[in-house]
Amino acid sequence: MSAQASIGRRAAWTAKRSLINLRWPGLVGLGLLLLTAGLTAVSIQSTRGRLDDLEKEAAAISARLGNRGASATVVGGRGQLSNFYAFFPLTQDVPELLGRIHRAATQHKLVLEKGEYKLSREPDFRLARYQVTLPVKGDYTNVREFVNDVLGAVPSAALEELALKRESIEVPELESRVRFTLFLTSE
């Protein structure tokens, strides 16, 4: 008998004896360790596949952008701040923004009788606030869709207040009060 075979049998006997000495709690723990190792390996493999897919997608986007992506530079703190303020419309664009709001109302067959408009500026805040308060008459679905459309059409708008009132349960028409705040910049 060769020395390798003898060492192999002795190692197998030692492993079998160690498993017997573990008893059932030790065997359960060993099984859980093996299960955890297997699940970790599967998780790592699927994550690597997802990472490869994302890298291919990023390469495709870079190829589509061409030279535009190559000229992009990392923007410093001041550049980020100026990009942030560049998102907001100018105060001179208020008539166009109000037109979008009124178009959304007519699109959803809502009646806008009158509105309250208030421009306010704070000295330590670079953005101006333009509050638009509109009494709206219509059914609930139309009012909700109107609000969603305004928030989609005017990205710098925030819904500040929505008050709904119904005279009686039989009447489908609501009397609503909607207040939007438009954030504007003067630069």
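Hey, among 117, 140, which residue is at pLDDT 90 or above and surrounded by 12 or more Cβ atoms within 10 Å (Cβ to Cβ)?
On the way: 140 fails: at pLDDT 90 or above.
That would be 117, the only listed residue that is at pLDDT 90 or above and surrounded by 12 or more Cβ atoms within 10 Å (Cβ to Cβ).
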From the list 96, 160, 145, exactly one residue is open to solvent by 40 Å² or more (accessible area, probe 1.4 Å), at pLDDT 90 or above and in contact with a Ser or Thr (Cβ under 6 Å, 6 or more places away or on another chain). Which is it? 160
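What is the residue count in segment 123-147 for residues that are in a helix (DSSP H, G or I) and either touching a Cys at 6+ places or on another chain (Cβ under 6 Å) or closer than 16 Å to residue 100 by Cβ (or both)? Even if it seems obvious, please write down each step before you answer.
Filtering segment 123-147 down to residues in a helix (DSSP H, G or I) leaves 140-147.
In the following step, the residues that additionally are either touching a Cys at 6+ places or on another chain (Cβ under 6 Å) or closer than 16 Å to residue 100 by Cβ (or both) were identified as 145-147.
Of the residues in segment 123-147, 3 are in a helix (DSSP H, G or I) and either touching a Cys at 6+ places or on another chain (Cβ under 6 Å) or closer than 16 Å to residue 100 by Cβ (or both).
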Flagged pairs (Cβ under 7 angstrom, 6 or more apart or on separate chains; first in segment 118-131, closer than 14 Å to residue 91 by Cβ and aliphatic (A, V, I, L, M); second part of a loop (DSSP other than H, G, I, E, B) and open to solvent by 40 Å² or more (accessible area, probe 1.4 Å)) are 128/186
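The values are calculated or read from the model by the stated rules, or taken from the named source; none is laboratory data. The structure displayed is predicted, hence computed values, not measured ones. With ideal geometry, Cβ positions are generated from the backbone for all residues, glycine too; neighbour counts draw on all protein chains shown. Accessible surface is based on the protein model in full, side chains and every heavy atom, while ligands, DNA and RNA are left aside. Shrake-Rupley method; radii C 1.70, N 1.55, O 1.52, S 1.80 Å.
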